[in-house]
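Shown next, in structure tokens, is the structure this report addresses.
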């Protein structure tokens, strides 16, 4: 059983996100600066494309 | 009751057809992690985004989706990934998410979560399971089957 914070919210919307500390804000800002223009998941995307080529029957 | 807390995320600037979030895992050590939804194709009239997730290595400027962080906060990290799903569907209502782990064990974690919470999740989401050696290989999701991937749609 999981804790439901409010009705009319989906299960995933009920996950309680903690507040962000100032230290975390700084570390994320520093990382974001380095990461903003790069992509890191090309290999996974190619794998996903390959998998989807093999889908032989669509669900009904 | 199970505590379902998550780390706060920060959305990065859009890069091509992707939505990216980063957050800090604060367990035994500090680890920056990235969640990325990357567009890669179309199925059933829906744009499909791959859910990518991994640890950021600042020194090498790389992300590993195979690292075992052992940071003592696996549940919270997993919840953080899940917490971005509603945000994704808020931005892309008719899109779908392709979910598969970087290895069998990680894929099982996603399936296990869906299995455990299927009834509640099914109120809002539609799931298809992918079985690489079956025919058909993409079928409406049935709990407790070891799928190789999951395709998730948001119900309207």
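Every read-out reported here was derived from the displayed coordinates using simple, explicitly stated rules and does not represent laboratory data. If you're wondering where the values come from, they're calculated on a predicted model, not measured in any experiment. Don't worry about glycine lacking a Cβ; one is built from the backbone with ideal geometry, like all the others, and counts go over all protein chains shown.
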**Asked** In the range B:36-55, which residues are outside any strand (DSSP E or B) and within 7 Å of chain A (Cβ to nearest Cβ)?
**Response** B:44
**Filter result (farther than 17 Å from residue B:65 by Cα and either surrounded by 14 or more Cβ atoms within 10 Å (Cβ to Cβ) or under 12 Å from the mean Cα position of the chain (by Cα) (or both)) within the range B:98-115** = B:111, B:113, B:114, B:115
**Asked** If you scan the range A:7-26, which residues turn out to be loosely packed, with under 13 Cβ neighbours inside 10 Å, facing chain B (nearest Cβ under 7 Å) and either in contact with a helix residue (DSSP H, G or I) (Cβ under 9 Å, 6 or more places away or on another chain) or not in a loop (DSSP other than H, G, I, E, B) (or both)?
**Response** A:16
**Request:** Report yes if some residue within the range B:77-90 is facing chain A (nearest Cβ under 9 Å), free of Cβ contacts under 8 Å to residues at least 24 places away in the same chain and out of contact with any strand residue (DSSP E or B) (no Cβ under 7 Å at 6 or more places or on another chain); otherwise report no.
**Result:** yes
**Item:** Matching entry among B:33, B:17 (being more than 7 Å from chain A (Cβ to nearest Cβ) and surrounded by fewer than 17 Cβ atoms within 10 Å (Cβ to Cβ))
**Value:** B:17
